[in-house]
Structure formats: C-alpha cells, structure tokens
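The values are calculated or read from the model by the stated rules, or taken from the named source; none is laboratory data. Keep in mind that what you see is a predicted model, and the values were worked out from it rather than measured. Positions of Cβ are generated from backbone atoms using ideal geometry, with glycine treated the same way; all protein chains shown enter the neighbour counts.
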Ligand SMILES: Nc1ncnc2c1ncn2[C@@H]1O[C@H](COP(=O)(O)OP(=O)(O)OP(=O)(O)O)[C@@H](O)[C@H]1O
Ligand SMILES: [Mg+2]
C-alpha cells in the first residue's frame, strides 16, 4: 500500500481552555476525495489550518507528504480554497492568478498559457480583466478554485467551496472537482451540504466537537448508521400526535425543528397509518447522508 | 525558492498595485515637498537667513528628506499593511503558499522602504531645483541613506502594526513617536539648541541619525561619525524586523 498523503495521530488543538480538535487519528490516501463533515465549530477549518502551518499543533502528530505538516516548502505542492474569500481586491481576475502564481516562484512568462487554461477551466475567460469586486459569488468562488491550481498542486484543500452559491453554480463546481479528481489530484473537502459530500467524496470523516464520530464511504455510512427507509413527518402535528401515530411500532426517529425523521427497514405499516391523519404531511424516501449526519451529530444546534 | 525571491514576490505584489495609481501618488510626492520647501524654505529662509552656517533652504531640504522617509515608510507599514493584513486578508492568502511570515514581513518592509526612496527621490529633485543641494558630489549618496531610513521606520511601523488592535491605535504612535521625532530630531533646527537632557534623548532616536547622515551629504557641513549613524539605523531596522516577525507569528499563527 502506498503511503498516505496526510496522516494524523492523536492530534490535539486547544485555543486557551477551548479544545477545538480532541485527539483525532486519520489517514488520507492519495488520489481520493476526502470529506470532512461536521456542524459549525466542529474543528474542520482548524484541521486544515494546522495542515498548512497556519496554526501550531497543541500535541500529536500530523504529516503531509510523509513529513511533519506545516513546512513552507510543502505548500509548493498544495492548493488552497479557504473558507473566507481572500481574493486580492486590488487586482483583476487574471492578475489575481498571475500574482498568486508569483508567490510560488512562477513567473508571468511561465504562467501565460496556464492562466488562460485556468480561466477557461473556471469559465471566467470572458471576465479576465474584470475587477474582482464586480464578480458574482459563484464567479469569485470559481476564481478561488482556479487560483488554488496555479501551482498544479498534488493536493487541493477546499474549505466549504460551495457555501452560499445557487444550485447552478454549485453544480459547475462539482463538475470541476470531479475533473480534478480524475486528473489524479487528492482533494480534501469540507462542506455542510450532504448531497455534495455524497456525490464527490470517496471517504468521509464526520467530526463533532473536535472528535471523529464516524468514518467511511457515503454508502457504508448510510448502511451502518441508519435504516434504509425514511419517512419524514411534518404539518399541523405535535409530539403527542406523533407518539400516537407511531404507537407500538417501536420506530427510531429524530426530531429536528418542525420535522420528525423516522428510520425504518420497512415503511409500509407507518405509511398506512399516516394516511389516516389528514393534517399530516409525510414523505417517504430512501435514507441519505443527511440522515446519518443528523442522527450522529444530534438534533440540537451544537453551538 | 530562496528567501530572497519570496520576499521579492511580496514586494512585487505591492509594486504592481502602486503602479496603477503611480501618477496620483507622484503628484503628492512632488507637490508636497515643493510646497513645503517653497513656503518654509524661501518664506522662513528669507527671515532666518542662515542656520548652522548654511542657507536655511539647504538646511531644511535635507531635514525634509529625512522626515519624509520616516513618514512615508511609517504610513505604509502601519495603515497600508494593517489593511492588507486585517481587511483584505492578503497575508492570509500568502500564508497558504510557500511564503512564510519572515518573507512577508521582509517584503512589506522592503516595499515601505522603496516608497520612502521614491518619495525621497522626488524631494531630492525638487530640492535640487530650488537650490537646496550644495554639494553635488556627495549628494547622490543621500539616496541609499533614505532607503535605509525608510527600512528603519518600516520595521518600527511593522512592530506597531502587529500590536495594533485597530486603526485608531496608530494615532498613539504618531502622536507619541512620529510627531516628536519630526519636531525634535533636527529637521527644522539643530538639536544643539535643545536643553542637554532633551538632546541626549534625541540622540537615541533614529531620525536624528538619519539627519546627521543626510544633511552633511547634501550640504557643506562636515560628515561626522558616519558609521555610528549607519549602525544605529541598521540596528533599529534589524531589531524591528526580528520583533515584527515574532509579533506577527503570535498574532496570525494561532
Ligand atoms: N483563533 C481562534 N481562537 C479561539 N478559538 C478558535 C479560533 N479558531 C477557531 N476557534 C474555535 O475552535 C472551534 C473549531 O473552529 P473551526 O473554525 O475549526 O470550526 P469549523 O468546523 O470549521 O466550523 P464552521 O463549519 O463554522 O466553519 C470553534 O469552537 C471555534 O470557536
Ligand atoms: Mg470552518
């Protein structure tokens, strides 16, 4: 087996008294898309910052390309799309790419062809001389992805690359990320969109309060943590109604907001009963990663 | 990639931004000293005549060259760097590349020094035109000293910047350090006119040493203890750089 690209052993990170990452162990093999999921404050960004040398470890081991993480030279082979937009507002779209490339020691001359290629990859060819302030949210994010590729990195780290984007913009980015994976790059992706993780990630780690609470491919996680069928109940119903409805069926459910998610191997008995409740809206569907996430990270807001 | 080219990448980024607005910034670089030297040098000079045995225009021009190096580098290393670091997250972006804190601090420092040199060159030309330069054979050596002065104040400004919670904090630095140096380090009159204890204090300040180097290079006054002055400016620069790097690490790498 080849060596993992990233490896963490007993990794801890404390901010003062607050423990952000609490003794995690994981390996990321080369060439996959690795998803890091978890509610707000779970420690996703902190894991990424430590990998890039932007935050010192409190304790434990963290390696990138087989050596202790955080060394400047390693970043020659890494591309980063940070959670927070930090495009350079003083430059146009193409200048952003040229200037960023210069931080990797790549000259304007060397980059001429590559920048055009990246602009068309990110569908920004027509906007090459626009100021970044005039770009839409989706364009800015695509430019950030293009910028993360100026150095033709082996590893691309994407911290919530599609947050706040409309569905079209998100689908374009997904397509691009799949292309990157096909070209052999290792992707490390954090997201709050379970559909995104399900579509893109080969392997997923779910964090909660700095700890790993689940690990595996989307299919394995769904098979392991929830029953295959889900009935969602909502409408003009309250907890006693739901208790009455479920009765002695002994169904495992999660109550989130105004909805009840019931997990079952066979939904038919419940569906029959549901038809008898006129004020009830119900949806029957197969289980997905979101169900796993809700079940494992709990029903309440974690912060 | 070597440390030098990494520092230059940061310098070059700032240069590209400056180049877009170079025309406007040059108007200020030439206009301000022109007005100062005309207003004070001629106006006040007419009344004062000579100071330390040289025409007041020559005395003042050399002083303004130094104070402008201080002001230009200080502004760049405080307000501009603070904007790049905390508002535009330019530093954050750089830290995700092979650049590290020492490269970024060095690049910013070199850029602020370069801006001092640009502003200083403009003053040099204006001073030459207005008769503020007496000894042309040594005058050109003042420009490297302007760069050194700029680097020195850039490093001190960066220290302040790394400590600063907000833009307002810089007012303290300007009021408590920059303005007193402007007034008490020999820009407008020789520090020998000050009371003895104040003179001693002024001798510890970097601007005094910049003035003591640059004025003799531009005028007929004799140059004394040049290496001491160069040493003091270099020591401030190096010490400021090392401290700014430490403070930047503490601030940003959490
Ligand atoms: N610089 C810091 N100083 C103090 N606490 C911090 C700092 N950075 C992060 N934290 C805390 O560490 C925890 C983990 O934060 P982190 O940003 O890694 O979460 P996240 O999983 O990326 O969340 P989100 O989904 O909201 O981006 C949070 O409780 C956060 O408040
Ligand atoms: Mg985050």
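Name the residues in region A:48-100 that are part of a helix (DSSP H, G or I), away from every other protein chain (no Cβ under 12 Å) and without any contact (Cβ under 8 Å) to a residue 40 or more places away in the chain, would you?
A:94, the sole residue that qualifies.
Return only the number of the condition from (1) more than 16 Å from ligand 2 (Cβ to nearest atom); (2) farther than 30 Å from residue A:124 by Cβ that residue A:201 does not satisfy.
(2)
What number of residues in region A:45-54 are touching a strand residue (DSSP E or B) at 6+ places or on another chain (Cβ under 7 Å) and either within 9 Å of ligand 1 (Cβ to nearest atom) or more than 27 Å from residue A:163 (Cα to Cα) (or both)?
4
Could you pull out the residue among A:208, A:281, A:288, A:250 that is touching a residue at least 40 places away in the same chain (Cβ under 8 Å) and surrounded by fewer than 14 Cβ atoms within 10 Å (Cβ to Cβ)?
From the options A:208, A:281, A:288, A:250, the qualifying one is A:281.
Give region A:101-138 a look and list any residue that's buried (at least 19 other Cβ atoms within 10 Å of the Cβ), within 13 Å of chain B (Cβ to nearest Cβ) and farther than 18 Å from residue B:97 by Cα, or say none.
A:132
Exactly one condition in (1) crowded, with 24+ Cβ neighbours inside 10 Å; (2) in contact (Cβ under 8 Å) with a residue 40 or more places away in the chain; (3) within 14 Å of chain A (Cβ to nearest Cβ) is not met by residue B:97; state its number.
(2)
Condition check: in contact with a helix residue (DSSP H, G or I) (Cβ under 7 Å, 6 or more places away or on another chain), at negative phi and modelled with pLDDT of 95 or more. Does residue A:190 satisfy that?
Values: in contact with a helix residue (DSSP H, G or I) (Cβ under 7 Å, 6 or more places away or on another chain): yes; at negative phi: yes; modelled with pLDDT of 95 or more: yes.
Yes; evaluated as a whole, the condition is true for this residue.
If you go through region B:109-131 one residue at a time, do you hit one that is more than 15 Å from the chain's Cα centre (by Cα) and surrounded by 20 or more Cβ atoms within 10 Å (Cβ to Cβ)? Break it down stepwise before answering.
First pass over region B:109-131, keeping only residues more than 15 Å from the chain's Cα centre (by Cα): B:125-131.
In the following step, the residues that additionally are surrounded by 20 or more Cβ atoms within 10 Å (Cβ to Cβ) were identified as B:126-127.
Yes: region B:109-131 contains one or more residues that are more than 15 Å from the chain's Cα centre (by Cα) and surrounded by 20 or more Cβ atoms within 10 Å (Cβ to Cβ).
Can you work out which of the residues in region A:11-38 that are surrounded by 20 or more Cβ atoms within 10 Å (Cβ to Cβ) and within 14 Å of ligand 2 (Cβ to nearest atom) is farthest from the other protein chains (Cβ to nearest Cβ)?
Looking at the filtered set, the residue picked out is A:37.
Out of all the residues in region B:132-142, which are in a helix (DSSP H, G or I) and crowded, with 16+ Cβ neighbours inside 10 Å?
Going residue by residue through region B:132-142, those that are in a helix (DSSP H, G or I) are B:136-139, B:142.
Of everything in region B:132-142, those that are in a helix (DSSP H, G or I) and crowded, with 16+ Cβ neighbours inside 10 Å turn out to be B:139, B:142.
What's the number of the only condition in (1) at pLDDT 95 or above; (2) more than 7 Å from ligand 1 (Cβ to nearest atom); (3) out of contact with any strand residue (DSSP E or B) (no Cβ under 7 Å at 6 or more places or on another chain) that residue A:7 fails to meet?
Residue A:7 satisfies all of (1) at pLDDT 95 or above; (2) more than 7 Å from ligand 1 (Cβ to nearest atom); (3) out of contact with any strand residue (DSSP E or B) (no Cβ under 7 Å at 6 or more places or on another chain) except (3).
Which numbered condition in (1) more than 27 Å from residue B:86 (Cβ to Cβ); (2) within 14 Å of ligand 1 (Cβ to nearest atom) is the only one that residue A:42 fails?
Failed condition: (1).
Among (1) assigned to a helix (DSSP H, G or I); (2) crowded, with 19+ Cβ neighbours inside 10 Å; (3) more than 16 Å from ligand 1 (Cβ to nearest atom), there is one condition residue A:241 misses while meeting the rest; what is its number?
(2)
Go through (1) within 22 Å of residue A:24 (Cβ to Cβ); (2) crowded, with 17+ Cβ neighbours inside 10 Å one by one and return the number of the condition residue A:192 breaks.
Answer for residue A:192: the failing condition is (2).
Sort out which residues of region A:56-88 are within 13 Å of ligand 1 (Cβ to nearest atom) and more than 20 Å from the chain's Cα centre (by Cα), and write them in order of number.
Hits for region A:56-88 are A:56, A:58.
Residue-by-condition table, conditions (1) crowded, with 17+ Cβ neighbours inside 10 Å; (2) within 14 Å of chain A (Cβ to nearest Cβ); (3) in contact (Cβ under 8 Å) with a residue 60 or more places away in the chain; (4) at positive phi:
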{"site": "B:3", "(1), (2), (3), (4)": "no, yes, yes, no"}
{"site": "B:9", "(1), (2), (3), (4)": "yes, yes, yes, no"}
{"site": "B:13", "(1), (2), (3), (4)": "yes, yes, yes, no"}
{"site": "B:17", "(1), (2), (3), (4)": "yes, yes, no, no"}
{"site": "B:20", "(1), (2), (3), (4)": "no, yes, no, no"}
{"site": "B:27", "(1), (2), (3), (4)": "no, no, no, no"}
{"site": "B:30", "(1), (2), (3), (4)": "no, no, yes, no"}
{"site": "B:34", "(1), (2), (3), (4)": "yes, no, yes, no"}
{"site": "B:37", "(1), (2), (3), (4)": "yes, no, yes, no"}
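If you check residue A:71 against the conditions, is it surrounded by fewer than 22 Cβ atoms within 10 Å (Cβ to Cβ) and more than 17 Å from residue A:150 (Cα to Cα)?
On the way: surrounded by fewer than 22 Cβ atoms within 10 Å (Cβ to Cβ): yes; more than 17 Å from residue A:150 (Cα to Cα): yes.
Against the criterion (surrounded by fewer than 22 Cβ atoms within 10 Å (Cβ to Cβ) and more than 17 Å from residue A:150 (Cα to Cα)), residue A:71 qualifies.
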